[in-house]
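Step one of this worksheet: look at the structure below.
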Amino acid sequence: MIFLYKIIINILFIVAFPFLPFIYFFSEKRRANLSLRFGLRTGLKPKQAGKKRIWIHALSVGEVISAVPFVKVLKGQHKDLDIVFTASTKTGFDMAEQLFLKKILPKEDAPFVAQLGYFPFDLGYCVKKVSRQIEPDAVVIVETDLWPNFLYEMKKSKIPVILVNARLSKRSLNGYLFFRKFSSMFFSSLTGIMAQTSLDEKRFQRLGIDEKKISVTGNIKFDQPPEDMDKRVIKGMRDRFSIQKGTQVFIAGSTHEGEEDILCEVYKEVKKNYPGLLMILAPRDPKRCPEILSYFLSNDIQAVLMSAMDESKDCPDVVLVDKMGELARLYAICDVAFIGGSMVRQGGHNPLEPAAFSKPVLFGSDMSDFLLMSNMLMDHEGAKRVESEQDLRRELEAILGNRQTQQHMGSRSFEVFSRNSGSVQRIIKNLEILRIV
């Protein structure tokens, strides 16, 4: 089966090859990583003799953020470990660079990650070239981004590959079951699978994977430490947005196309009853901010890009976050948080980021990518699901209008966040048992 896959993927590459120059010149994102993912000019340095090197990979922004506590604790407990970290997307790489090199390093004695790079395209040549440059003793993949050629080459080179924080949606399971024989062979080449939940474990078992390879270690997102922000830092953030005493703040995080128009209408209606309300909106793709800005301005809403804010001006109606890596800490100054990607079919985003700051959480009907977390928050009265624009307006006004409701939901959401930690330690213990570290 792997040879059939190799033939197909190589044919597809030959067909796509004439278009690569156009992709390179006309796509900024592809231009940033195209040659690197082919294994050219990566700048990756060989490992030092006698040092164990672990290759940790995370697909994009969400997985990179999730990996931070895991990488930090792993390096803290195994100081001699040489870690190379890769991402597949430019936004993921940029986030890794910010979190591992620009944000952590000034506060720490030594880096947690020795090098950053891009994950190779799933062509035999690319996989071999990048893996030879990295020379890993083992590979740890966070959540997803498994590829047949990559797994085949790692197995051939006798390099163990571990999937941690693994999840398998019902839709993905049905897809894999359609190619059951290939899927079983594909996943069985993994040395171990550390699943988020028992439901994920059962789904992996249905693919015919050896049960001994699968364990439930929980979700490392629960181990994500909240930003260390004291009253002085929070006051500085409020001053940056010109937030006055009595002003309430609504944050809509990681929004997708189709949600901003809903939020615009909700904001206009809620503003009538709460004239001092500030909405901070952070789209999943910050490059959409100019387009969103024009939309809000055309709807007579005073909006501004966060990068263009002037502290001397009055607080605007809406601030658009046009820089990656800002959202998680902004939740500290909000009164209510809305999780984007949930009122359109995108599976939602991480609701634990506002929960870590004891904030009430709202989200739409599609939280399929964070099903366990969202259900736990709702069951514990820390979050509410809204099915429509009218629902969102009603719940938002109900929370803004009742301080006791805000405090109750906030404390409940934080309880969910704090009581379910420990996944990182379980993963590291399993890696030690497997002699990966």
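Annotations
- Filter pass, Asp335 being over 21 Å from Arg288 (Cα atoms) and either surrounded by 24 or more Cβ atoms within 10 Å (Cβ to Cβ) or touching a Pro at 6+ places or on another chain (Cβ under 8 Å) (or both): yes
- Considering residues of the range 42-96 that are aromatic (Phe, Trp, Tyr) and touching a residue at least 40 places away in the same chain (Cβ under 8 Å) only, the residue nearest to Lys29 (Cα to Cα): Phe93
- Gln98 satisfies every condition listed in (1) closer than 30 Å to Ser188 by Cβ; (2) assigned to a helix (DSSP H, G or I); (3) of a type in the set (S, T, N, Q) except (1).
- The range 203-229, residues that are more than 25 Å from the chain's Cα centre (by Cα) and either farther than 23 Å from Ser189 by Cβ or part of a helix (DSSP H, G or I) (or both): Gln205, Arg206, Glu211, Lys212, Lys213
- Residue match in the range 369-385 (condition: surrounded by 15 or more Cβ atoms within 10 Å (Cβ to Cβ), outside any helix (DSSP H, G or I), of a type in the set (Gly, Ala, Ser) and within 24 Å of the chain's Cα centre (by Cα)): yes
- When the range 163-199 is limited to residues that are among the basic types (Lys, Arg) and over 24 Å from the mean Cα position of the chain (by Cα), the one that is surrounded by the most Cβ atoms within 10 Å (Cβ to Cβ) turns out to be Arg180.
For (1) in a helix (DSSP H, G or I); (2) within 20 Å of the chain's Cα centre (by Cα); (3) charged (D, E, K, R), each residue gets a yes or a no:
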{"residue": "Lys272", "(1), (2), (3)": "yes, no, yes"}
{"residue": "Leu293", "(1), (2), (3)": "yes, no, no"}
{"residue": "Arg329", "(1), (2), (3)": "yes, yes, yes"}
{"residue": "Phe338", "(1), (2), (3)": "no, yes, no"}
{"residue": "Ser342", "(1), (2), (3)": "no, yes, no"}
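- Selected residue [buried (at least 20 other Cβ atoms within 10 Å of the Cβ), out of contact with any helix residue (DSSP H, G or I) (no Cβ under 6 Å at 6 or more places or on another chain) and modelled with pLDDT of 95 or more] from Leu278, Leu320, Leu297: Leu278
- Conditions (1) crowded, with 22+ Cβ neighbours inside 10 Å; (2) polar (S, T, N, Q); (3) outside the structural domain of Phe363 (by TED's automatic domain parsing): number failed by Ser254: (3)
The values are calculated or read from the model by the stated rules, or taken from the named source; none is laboratory data. Note that the structure is a prediction, hence the values are computed from the model and not measured. Every residue, glycine among them, receives a Cβ derived from its backbone with ideal geometry; neighbour counts consider all protein chains shown.
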